[in-house]
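Each remark here refers to the structure printed beneath this line.
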Amino acid sequence: MSSLQSSIEHLVAQRDLDRQQARKVFGEFREQLTQGKIRAAEKMDGKWKVNVWVKQGILLGFRLGELSNMGNDACLSFVDKDTFPLRRFAVGDGVRVVPGGSSIRVGAYVAPGVICMPPMFINVGAYVDEGTMVDSHALVGSCAQIGKRVHLSAAAQVGGVLEPINAAPVIIEDDVLVGGNCGIFEGTLVRARAVLGAGTILTRSTPLYDLVRGDIYRATKDVPLDVPENAVVVPGSRAVTQAKGIEWKLSLYTPVIVKYRDEKTDAGVELEEWLR
């Protein structure tokens, strides 16, 4: 256990804090979070592990924070906790933040090569890896983990999670294409090179039907919905079965795997490298 981890856990357990000392520890924690040296979840031995203490540290920041005026009063002003101000980038960071109203909080890691198209938002605790594009009106929620070369298309929503404290965040692995108006929530894990067609919604309560393999993937109490590697998922529907002798003739939304990536799919989703 690192000294920073033990310090955070010690502070979280206290009711009466030495606020000056606690803010000093939190400042170090937030800086490491911003630099990507610590993260809310990480892959170890092929499996994703939630770092509960990191989420505890973020919640500690809200506990310690005080409301403060932020931004430029003459143009845009905001009121938020002073422990999580707006993050500012320099050319040396290698991140493109295109003008137009995007916001990224301090405490979010954004790697070199990331492109942010306006307006979009990246929340505290999120991890966005190299070469990813976050398109306009897209949301990367608190503690969401986004891999390398991911494309979050316009209006894609990647849900955040801080509570319950041990819950897994949404995780999107490398080279995933998330289509426009997709919603990925409640700790869903999207494996590498998957493709989510426009309008696909993934949650813990919605089963995923695999037409290729004949399987049905469901989340359980302890395991989130897991989208297989290379899966191509589109919105679909399933019939409502008869209940109490009534034939409803209705259907419910469900995501459906219609194929797995091949050369044709790769050509269809290939991103223009000149954009980067």
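The values are calculated or read from the model by the stated rules, or taken from the named source; none is laboratory data. Computed from a predicted structure; not experimentally measured. No Cβ is skipped: glycine too gets one built from the backbone with ideal geometry, and neighbour counts run over all protein chains shown. Ligands, DNA and RNA are stripped out before the accessible areas are found, and what is left, the full protein with its side chains, is counted by its heavy atoms. Shrake-Rupley method; radii C 1.70, N 1.55, O 1.52, S 1.80 Å.
Would you confirm whether or not region 202-209 contains a residue that is farther than 20 Å from Ala144 by Cβ, charged (D, E, K, R) and in a loop (DSSP other than H, G, I, E, B)? Explain how you work it out, then say what you get.
Here is the first cut: in region 202-209, the residues farther than 20 Å from Ala144 by Cβ are 207, 209.
In the following step, the residues that additionally are charged (D, E, K, R) were identified as none.
No; the residues of region 202-209 include none that is farther than 20 Å from Ala144 by Cβ, charged (D, E, K, R) and in a loop (DSSP other than H, G, I, E, B).
Which condition breaks for Ala198 when tested against (1) surrounded by fewer than 16 Cβ atoms within 10 Å (Cβ to Cβ); (2) without any contact (Cβ under 8 Å) to a residue 40 or more places away in the chain; (3) small (Gly, Ala, Ser)?
Result: Ala198 fails condition (2) only.
Here's a check for you: in region 113-160, which residue that is of a type in the set (D, E, K, R) and closer than 29 Å to Val52 by Cβ is most open to solvent (accessible area, probe 1.4 Å)?
Narrowing region 113-160 to residues of a type in the set (D, E, K, R): 129-130, 135, 148-149.
In the following step, the residues that additionally are closer than 29 Å to Val52 by Cβ were identified as 129-130, 148-149.
Numbers: Asp129: 19, Glu130: 91, Lys148: 63, Arg149: 114 Å².
By that ranking, first place goes to Arg149.
Does Glu31 count as surrounded by 11 or more Cβ atoms within 10 Å (Cβ to Cβ) and closer than 18 Å to Val106 by Cα? Show your work before the answer.
Details: surrounded by 11 or more Cβ atoms within 10 Å (Cβ to Cβ): yes; closer than 18 Å to Val106 by Cα: yes.
Considered against the rule, which asks whether it is surrounded by 11 or more Cβ atoms within 10 Å (Cβ to Cβ) and closer than 18 Å to Val106 by Cα, Glu31 comes out as yes.
Are any residues in region 34-54 polar (S, T, N, Q), surrounded by fewer than 13 Cβ atoms within 10 Å (Cβ to Cβ) and free of Cβ contacts under 8 Å to residues at least 60 places away in the same chain, and if so, which ones? Lay out the reasoning, then the answer.
Looking only at region 34-54, we keep the residues that are polar (S, T, N, Q), and these are 34-35, 51.
Remaining after also requiring surrounded by fewer than 13 Cβ atoms within 10 Å (Cβ to Cβ): 35.
Hits for region 34-54: nothing passes.
Considering only residues of region 240-267 that are in a helix (DSSP H, G or I), of a type outside the set (Ser, Thr, Tyr) and open to solvent by less than 80 Å² (accessible area, probe 1.4 Å), which is farthest from Arg204 (Cα to Cα)? Reasoning before the result, please.
Step one: of region 240-267, the residues in a helix (DSSP H, G or I) are 263-267.
So of that shortlist, the ones also of a type outside the set (Ser, Thr, Tyr) come out as 263-264, 266-267.
Right, trim to open to solvent by less than 80 Å² (accessible area, probe 1.4 Å) and you get 266-267.
Details: Asp266: 28, Ala267: 31 Å.
Step by step, filter region 240-267, then rank; the result is Ala267.
Identify, please: which residue in region 208-238 is surrounded by fewer than 16 Cβ atoms within 10 Å (Cβ to Cβ) and over 22 Å from Gly46 (Cα atoms) and is, among those, nearest to the chain's Cα centre (by Cα)?
Out of the qualifying residues, it is Ile216.
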